[in-house]
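K.L.:
Okay, handing you the structure first.
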Amino acid sequence: MYQSIRDKLHLEADLPYIEHWSAAPDFLELISDHCLEYRPNNIVECSSGLTTLILARCCQLNDKGRVLSLENGSEYAEKTREDLKAFGLEQYAEVIHAPLHEVIINSREYAWYHLEALHAVSIDMLVIDGPSGFTQKHARYPAIPMLYDRLSHESVIYLDDASREDEKEIVEMWRKEYPSLSHAHIETERGCSLLSVHKT
Ligand SMILES: C[S@@+](CC[C@H](N)C(=O)[O-])C[C@H]1O[C@@H](n2cnc3c(N)ncnc32)[C@H](O)[C@@H]1O
């Protein structure tokens with residue numbers, strides 16, 4: 001299944017996927033197609049792994065852009081760095097060890113990535129595939145409230161696992177709080193929500 005994306009991006013080595021944890025091939029195709037067509041400068045990711053490798057490869061093919069990947073698990077951050085190195089892609093992505101810490105949004109507590117080490121960039125593409133759903137209810141909800149001000153005027157957000165009830169609720173919360181976001185649900189193996197940002 002990962003063969004098709006590997007071929008499409010002209011990668012020679014097998015992709016280091018971890019069953020159940022790595023993004024599914026159809027989600028990787030969606031984000032890589034977007035990246036190759038729109039050539040974003042700054043891509044920020046919530047969770048690192050195969051998505052990081054694929055997006056970094058797209059930046060290499062584009063000869064443009066860079067991925068900043070927030071990863072709470074230091075062992076997963078290290079593994080992604082090693083994979084990037086093995087594929088010669090380390091200059092196209094930086095994996096930031098960003099432990100989860102308490103953030104309060106609308107009087108509710110969430111455990112979400114520490115943003116101290118995230119460079120001040122204008123984000124053109126945001127990919128949300130973490131924190132893991134088991135950490136708490138609505139685990140991925142803080143992504144937009146915490147990063148909205150850093151999103152560029154015409155940016156896009158890809159949320160993985162959007163077929164799950166938890167993610168459907170998160171998307172509803174975002175749409176209520178940010179009515180200018182446009183939304184499309186894309187039928188993939190695990191569901192993808194594509195949100196487009198239009199700031200005036
Ligand atoms: C759904 S995974 C997504 C990782 C990445 N986007 C990818 O496509 O490979 C979300 C998070 O789960 C954690 N994780 C990754 N592999 C794991 C494993 N084997 N067991 C437990 N947690 C894992 C990491 O912290 C990762 O950021």
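What follows is calculated from the coordinates using simple rules that are stated; it is not laboratory data. From a predicted model like this one, the values you see are computed outputs, not experimental measurements. With ideal geometry, Cβ positions are generated from the backbone for all residues, glycine too; neighbour counts draw on all protein chains shown.
K.L.:
Which residue fluctuates most in the GNM of the chain (Cα springs below 10 Å): Asn72, Asn42, Asn106?
P.N.:
Asn106
K.L.:
While we're looking at this one, here's another question. What list of ³J(HN,Hα) couplings, whole Hz, do you get for segment 21-34 from phi and the Karplus terms 6.51, -1.76, 1.60, once you set θ to phi - 60° and write x for glycine and proline?
P.N.:
9, 6, 4, 6, x, 5, 5, 4, 5, 4, 6, 6, 4, 4
K.L.:
Sticking with this one: Over segment 17-118, calculate the relative contact order: mean separation of alpha carbon pairs under 8 Å at least 6 apart, over the residue count, as a percent.
P.N.:
Relative contact order here is 23 percent.
K.L.:
What list of ³J(HN,Hα) couplings, whole Hz, do you get for segment 62-71 from phi and the Karplus terms 6.51, -1.76, 1.60, once you set θ to phi - 60° and write x for glycine and proline?
P.N.:
So the J values, rounded to whole Hz, are 6, 6, 6, x, 8, 9, 10, 10, 8, 9.
K.L.:
Continuing with this model, one more query. Go through 157-164, 48-55 and give me the packing order, highest mean Cβ count within 10 Å leading.
P.N.:
My ranking of the peptides, most packed first, is 48-55, 157-164.
K.L.:
Show me, for segment 168-185, the HN-Hα J-couplings you get by feeding each phi into the Karplus relation (A = 6.51, B = -1.76, C = 1.60, θ = phi - 60°), rounded to Hz, glycine and proline as x.
P.N.:
4, 5, 4, 4, 4, 4, 4, 5, 5, 7, 10, x, 7, 6, 9, 9, 9, 9
K.L.:
Roughly how compact is the chain, stated as its Cα Rg over 2.2 N^0.38 Å to two decimals?
P.N.:
Rounded to two decimals, the normalised Rg is 0.95.
K.L.:
To continue, here is another question. For the chain, with a Gaussian network of springs between Cα atoms less than 10 Å apart, report the residue from Ala56, Ala139, Ala184 with the top mean-square fluctuation.
P.N.:
Ala184
K.L.:
Could you give the length gained on full extension between Ser74 and Leu61, defined as 0.36 nm per residue of separation minus the Cα-Cα distance, in nm?
P.N.:
The span from Ser74 to Leu61 would gain 1.9 nm if fully extended.
K.L.:
Continuing with the same structure: Enter the per residue convex hull volume of segment 102-200, computed from alpha-carbon coordinates, in Å³ rounded to the nearest integer.
P.N.:
101 Å³
K.L.:
Something else now. Skipping prolines and chain starts, which residues have an amide H placed within reach, meaning under 5 Å, of the one on Ala23, given they are 5 or more residues away or on another chain?
P.N.:
Result for Ala23 returns Leu50, Thr51.
K.L.:
For the chain, what's the relative contact order in percent, using C-alpha pairs closer than 8 Å and at least 6 residues apart?
P.N.:
Rounded, it is 17 percent for the chain.
K.L.:
Taking springs between alpha-carbon atoms closer than 10 angstrom, which of Asp63, Asp26, Asp83 fluctuates most in the Gaussian network model of the chain?
P.N.:
Asp63
K.L.:
Rounding to the nearest 10 and keeping the result within 0 to 90°, find how far the Cα-based axis of helix 74-86 lies from the longest principal axis of the chain.
P.N.:
That helix lies at roughly 30 degrees to the long axis.
K.L.:
Arg164 versus Asp33, label points 7 Å from Cα toward the beta carbon: distance in nm?
P.N.:
2.4 nm
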